[in-house]
Amino acid sequence: MKIDQVSDSVYVVAGTNVNWALVSDGSGVTVVDAGYPSDAGDVLDSVRQIGHELTDIAAVLLTHAHLDHIGAIPSLVERVGMPVYTGAEEVRHAKREYLQQISAAHMLGLLGTQRGRRWVAQTLWAIKGHLGDSVPSATAADDAILSSLPGGFVAVPTPGHTDGHTAYLMPSEAVLFTGDALVTGHPLVRHTGPQLLPKVFNHDEARTLDSAHLLATQPARIIVPGHGLPTKRDPATPMDIFQQS
């Protein structure tokens, strides 16, 4: 686990090939995404390391309900009982009314490269015993709820990676939490910088690309992705988005 403070209120935590973020504004903490199941202990510890108690957590904001983003939520709900908010359509995905996630067959297809074998091994370890995890308490948040959370957020619907994927803009500090709609790196690829995840991860590639271009127009000076390093940018400068071949 590695914690980097990227603005006055925002801390980005790198876990097992995935990021989560903590937003602290004095009134409490908003957790944005929650790592793999194997990261659960680190998610809880990261809250303490920035000077808070678990009871300071006001809510979890979930960009989407893949296993590498919901990992610590069961532990947090059990210990704190805070609400979990996500996009209106993603609520159904979080509750596992349906599943849009890389299949076992597609994971097998990644074993032909060293990068793929390493990522598959790390992922299987990170989800061991938790393949059926879900978020039964997930609910959709309206604009008023999001703006009242520590940090203050605006939802940016970004379907494609999953049907209900949602990014979150924090206007007060011009920080954009892009989840997996726009990343800056991934263990499977060499390229770094703003990009889409490999196609195997995206439910709808065309909509994912449209959502990434939408995110490029947001008034954000700091991008906090689900994978890869946080990056600073000038909102007035067009963002080049790399799409995997």
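The values are calculated or read from the model by the stated rules, or taken from the named source; none is laboratory data. In this text, all values refer to a predicted model and were calculated from it rather than measured experimentally. Protein only, heavy atoms only, side chains kept; ligands, DNA and RNA dropped before computing areas. Shrake-Rupley method; radii C 1.70, N 1.55, O 1.52, S 1.80 Å.
Can you give me the accessible area per residue for the chain, using a 1.4 Å probe, in Å²?
Numbers: 10470 Å² over 245 residues.
In whole numbers, the chain has 43 Å² accessible per residue.
Averaging over all projection directions, find the projected area of the Cα convex hull of segment 26-165 and quote it in nm² with one decimal place.
8.9 nm²
For segment 41-97, what mean projected area does the convex hull of the alpha carbons give, in nm²? Walk me through the numbers on the way to the answer.
On the way: hull surface 15.7 nm².
It is 3.9 nm².
How many percent of DSSP beta bridges within the chain run antiparallel, rounded to 5? Present the calculation step by step, with values, prior to reporting the outcome.
Details: 23 of 37 bridges.
Looking only at bridges with both residues in the chain, the antiparallel portion is about 60 percent.
Taking all protein chains as present, what is the carbon and sulfur share of the accessible area of segment 114-245, in % to the nearest whole number, probe 1.4 Å?
On the way: 3470 of 6130 Å².
Carbon and sulfur together cover 57 percent of it.
Given the C-alpha atoms of segment 88-156, compute the convex hull and give its volume per residue in Å³. Before the final figure, lay out the partial values.
Working: hull volume 10.1 nm³, N = 69.
So the per-residue hull volume is 146 Å³.
Out of all DSSP beta bridges with both ends in segment 1-142, state the antiparallel percent to the nearest 5. Don't skip to the end; give the middle numbers.
Details: 13 of 22 bridges.
So the antiparallel bridges in segment 1-142 amount to around 60 percent.
Have a look at 30, 113, 86 and tell me which one the Gaussian network model of the chain (Cα, springs below 10 Å) gives the largest fluctuation.
Of 30, 113, 86, the Gaussian network model singles out 113 as fluctuating most.
How would you classify the chain from its alpha-carbon gyration tensor, with a ≥ b ≥ c the square roots of the eigenvalues: rounded for a/c under 1.5, else prolate if a/b is greater than b/c, otherwise oblate?
Details: a/c = 1.42, a/b = 1.14, b/c = 1.25.
Cα axes put the chain in the rounded bin.
Going by a ≥ b ≥ c, the root eigenvalues of the Cα gyration tensor, does segment 126-245 fall in the rounded group (a/c under 1.5), the prolate group (a/b larger than b/c) or the oblate group?
oblate
Using a Gaussian network model of the chain with C-alpha springs under 10 Å, which one of 186, 161, 64 is most mobile by mean-square fluctuation?
Sorting by GNM fluctuation, first place goes to 186.
Apply the Karplus curve 6.51 cos²θ - 1.76 cosθ + 1.60, θ = phi - 60°, to the phi angles in segment 162-167 and return the couplings in whole Hz, x for Gly and Pro.
9, 4, x, 3, 9, 8
With every protein chain left in place, what is the accessible area of residue 119 in Å² (1.4 Å probe, nearest 10)?
10 Å²
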